[in-house]
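> This is the structure I want to talk about, given as structure tokens.
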């Protein structure tokens, strides 16, 4: 058995699905107003003064904190089923299908949220490791229920989910510094393999 690990945003997709999902959820005017309100935080993040997980949790809390779980999940599923395919890279999908045809286990390992990735992964027969949002009393808190699946946490979660000794060969695909440790884990790794195509 061989294992193929794919980052999602920027690797399988041409655009960031977090931004796309939030715009789908609240509309572009509210999205950009929210970014304006969060601009001090986002500037601090751009200068690496705020960690990735803190910035992302604040961003999500701003837009979805307090939303009813049922409505949120319905919209997340709709976004996954109707909008993600429009931003995927043809080369990435071709590569995924090649792995599947060869009988390899294909896994998306992403810092994005399970709520909108799972439906897309299920539709494409892909397993998923990702960040999960916290839900309390039927509402989205905006906080993470798991560690942000980024950097070394990707490797931690992969090892928690799979016995790597069972795989004779591991492929990994990524496009950012947050994928570095996952790429180093693999026997054969590809950095920004689809970046210059279908932009």
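The values are calculated or read from the model by the stated rules, or taken from the named source; none is laboratory data. Please read all numbers here as calculations on a predicted model, not as lab measurements. Here the Cβ is made from the backbone with ideal geometry for all residues, glycine too, and neighbour counts use every protein chain on show.
> Name the residue, out of 145, 111, that is out of contact with any helix residue (DSSP H, G or I) (no Cβ under 8 Å at 6 or more places or on another chain), under 25 Å from residue 71 (Cβ atoms) and either surrounded by 17 or more Cβ atoms within 10 Å (Cβ to Cβ) or without any contact (Cβ under 8 Å) to a residue 40 or more places away in the chain (or both). Before the answer, list the steps.
Values: 111 fails: out of contact with any helix residue (DSSP H, G or I) (no Cβ under 8 Å at 6 or more places or on another chain).
Of the residues listed, the single one that is out of contact with any helix residue (DSSP H, G or I) (no Cβ under 8 Å at 6 or more places or on another chain), under 25 Å from residue 71 (Cβ atoms) and either surrounded by 17 or more Cβ atoms within 10 Å (Cβ to Cβ) or without any contact (Cβ under 8 Å) to a residue 40 or more places away in the chain (or both) is 145.
> Now for a separate question. It is to be established whether one or more residues within segment 157-169 are buried (at least 17 other Cβ atoms within 10 Å of the Cβ), touching a helix residue (DSSP H, G or I) at 6+ places or on another chain (Cβ under 6 Å) and over 22 Å from residue 82 (Cβ atoms). Don't jump to the end; show me each part of the working.
Going through segment 157-169, the residues buried (at least 17 other Cβ atoms within 10 Å of the Cβ) turn out to be 157-158, 162.
Narrowing the set further to residues that are touching a helix residue (DSSP H, G or I) at 6+ places or on another chain (Cβ under 6 Å) leaves none.
Within segment 157-169, none of the residues are buried (at least 17 other Cβ atoms within 10 Å of the Cβ), touching a helix residue (DSSP H, G or I) at 6+ places or on another chain (Cβ under 6 Å) and over 22 Å from residue 82 (Cβ atoms).
> Residue under question is residue 25, and the condition is that it be assigned to a helix (DSSP H, G or I), surrounded by 15 or more Cβ atoms within 10 Å (Cβ to Cβ) and touching a helix residue (DSSP H, G or I) at 6+ places or on another chain (Cβ under 8 Å); does it hold?
Judged against the criteria, residue 25 is a match.
> Just for segment 96-138: of the residues that are more than 17 Å from residue 170 (Cβ to Cβ) and part of a loop (DSSP other than H, G, I, E, B), which one is farthest from the chain's Cα centre (by Cα)?
137
> Regarding residue 102, is this residue loosely packed, with under 15 Cβ neighbours inside 10 Å and touching a strand residue (DSSP E or B) at 6+ places or on another chain (Cβ under 8 Å)?
Values: loosely packed, with under 15 Cβ neighbours inside 10 Å: yes; touching a strand residue (DSSP E or B) at 6+ places or on another chain (Cβ under 8 Å): yes.
Yes; evaluated as a whole, the condition is true for this residue.
> May I pose another question? Any idea which of (1) out of contact with any helix residue (DSSP H, G or I) (no Cβ under 6 Å at 6 or more places or on another chain); (2) assigned to a loop (DSSP other than H, G, I, E, B); (3) modelled with pLDDT of 95 or more is the one residue 93 doesn't satisfy?
Checking residue 93 against (1) out of contact with any helix residue (DSSP H, G or I) (no Cβ under 6 Å at 6 or more places or on another chain); (2) assigned to a loop (DSSP other than H, G, I, E, B); (3) modelled with pLDDT of 95 or more, the one that fails is (2).
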